[in-house]
Amino acid sequence: MSFDQLHRYLFNQAHVRGELVRLENSYQSILDSYAYPPVIQKLLGELMAATSLLTATLKFEGDIALQLQSDGPVNYAVINGTHDQKLRGVARWDESLSELPTDFSQLFQKGVLVITITPTDGERYQGMVALDKPTLAECIEGYFQQSEQLATKVILRTQQTDTSAKACGMFLQILPTSSQATITEDTGFDHLSKLTETIKDEELFTLPAEDILYRLYHQEDVEVYAPAEIIFKCSCSRERSANALAAVEKSELLNIVATEGAIKMNCQYCHTEYRFDEIDVHAIHAGTFAMDTQSDQ
Ligand SMILES: [Zn+2]
């Protein structure tokens, strides 16, 4: 069974929902896309797990983007996740630094976490919180406390060995419909939160998901739903890049080909490079490019 899965569950009496996410192949795909230093790899893993967890809270088709922005060593990191768990993302940092700080808070200066929810049909919603806590998980908890007054518990962990990279996360949140939605009320949230915190890295990274949930919650009234598969997938394509080039003057494109050998377009989300030569430029402007299905990937 695939490790890259998201498990959702509901604690009936406590009106608390929970999630467990584990990423391996999808995480590895993002690590393979660019030569990220270890600190950024860890950050992307946490951000990826967090995005998957939040994507599962969507009640409609669409996507969520978690963006970290700052004036510090890490300028920008983003993971975008769709309602059906397709994740993609990228990070940019000051590559002139020989060494990056390992401490989360030192990676950012005046850092903010921006969460953008974009329904396929409907209005885009954006919320923001300062990156002023020691971990990304705590910043996300703060976001929900601040923006929605929903008691939330987030656990994010990554593990890298010589042979594999894994990113895992757990999420607990009081249901928004509950009348006792604040952390001060005794809804059983604190109890569930403490239980969840007892999860050990070794269990999270190696045990079957069913075993993890049983170990933590076998004394609780919990309903577990069918898991969802998670994949790393970018919505970019050679054809979409070609469409973008169709808006540029043909003479200008031919100029670039003449001076640089080809037009190179890089996807900002997955670093895939799309190259177009002179023949492609003519086809793009003749409107026949779509029929040319050759790919240079
Ligand atoms: Zn892409």
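What's the FRET efficiency of residue 266 with residue 133 using the Cβ-Cβ distance as r and R₀ = 41 Å, to the nearest 0.05? Could the numbers behind the result be given before it?
Values: r = 33 Å, r/R0 = 0.81.
Computed FRET efficiency for residue 266 and residue 133 comes out at 0.80.
Which Cys in the chain stand alone, with every other cysteine's Cβ at 4.7 Å or more from theirs?
139, 168
Rounded to a whole number, what % of the accessible area of the range 15-128 do carbon and sulfur atoms account for, probe 1.4 Å? Don't skip to the answer; put the middle values down first.
Numbers: 2210 of 4860 Å².
Carbon and sulfur together cover 45 percent of it.
Skip the ligands, DNA and RNA, and give the accessible area per residue of the chain with a 1.4 Å probe, whole Å². Mind dumping the intermediate values first?
On the way: 14980 Å² over 297 residues.
Here the per-residue accessible area is 50 Å².
Of 136, 107, 254, which has the largest mean-square fluctuation in a 10 Å C-alpha GNM of the chain?
Fluctuation is largest for 254.
Once you charge only the Cβ atoms, +1 for Lys and Arg and -1 for Asp and Glu, what is the size of the charge dipole of the range 238-293 about its Cα centre, to the nearest 20 debye?
Numbers: 5 positive and 9 negative charges, 33 e Å.
In debye, rounded to 20, the range 238-293 gives about 160.
According to the Cα gyration tensor, what semi-axes, each the square root of 5 times an eigenvalue, does the equivalent ellipsoid of the range 238-293 have, listed from largest to smallest in whole Å?
On the way: eigenvalues 54, 41, 18 Å².
In descending order, the three semi-axes are 16, 14, 9 Å.
Roughly speaking, what is the stretch gain from residue 218 to residue 288, that is 0.36 nm per residue apart minus the C-alpha to C-alpha distance, in nm to one decimal?
Details: separation 70, 0.36 × 70 = 25.20 nm, distance 6.04 nm.
Contour length minus Cα-Cα distance gives 19.2 nm.
Choose one answer from 242, 14, 165: the residue with the largest mean-square fluctuation in a GNM of the chain with alpha-carbon springs under 10 Å.
Most flexible of the set in this elastic network: 242.
Suppose every Lys and Arg Cβ carries +1 and every Asp and Glu Cβ carries -1, with no other charges. What dipole size does the chain come out with about its Cα centre, to the nearest 20 debye?
Values: 23 positive and 43 negative charges, 35 e Å.
Value, rounded to 20: 160 debye.
Rg and Dmax of the range 20-232, Cα atoms, in Å?
In Å, with Rg to one decimal and Dmax whole: 17.0, 53.
May I ask for the distance between the Cα centers of the range 226-259 and the range 1-43, given as a whole number of Å?
28
I need the GluC sites (Glu not before Pro) found in the range 45-118, filtered to DSSP loop residues with at most 11 other beta carbons within 10 Å of theirs. Provide the component values of the computation, followed by the final result.
Working: sites: 46, 61, 95, 99; in loops: 61, 95, 99.
Sites meeting the loop and neighbour criteria: 95, 99.
Which of 152, 116, 163 ends up with the largest GNM mean-square fluctuation for the chain, with Cα atoms connected below 10 Å?
Judging by the Gaussian network model, the answer is 163.
Kirkwood Rh, the range 11-106, all Cα pairs: how many Å?
Values: mean 1/r = 0.0688 Å⁻¹.
Radius from the Kirkwood sum: 14.5 Å.
The values are calculated or read from the model by the stated rules, or taken from the named source; none is laboratory data. What you are looking at is a predicted structure, and each value in this text was computed from that prediction instead of being measured. Note that each Cβ is placed from the backbone with ideal geometry, even for glycine, and that neighbours are counted across all protein chains shown. All accessible areas refer to the heavy atoms of the entire protein, side chains included, with ligands and DNA or RNA removed. Shrake-Rupley method; radii C 1.70, N 1.55, O 1.52, S 1.80 Å.
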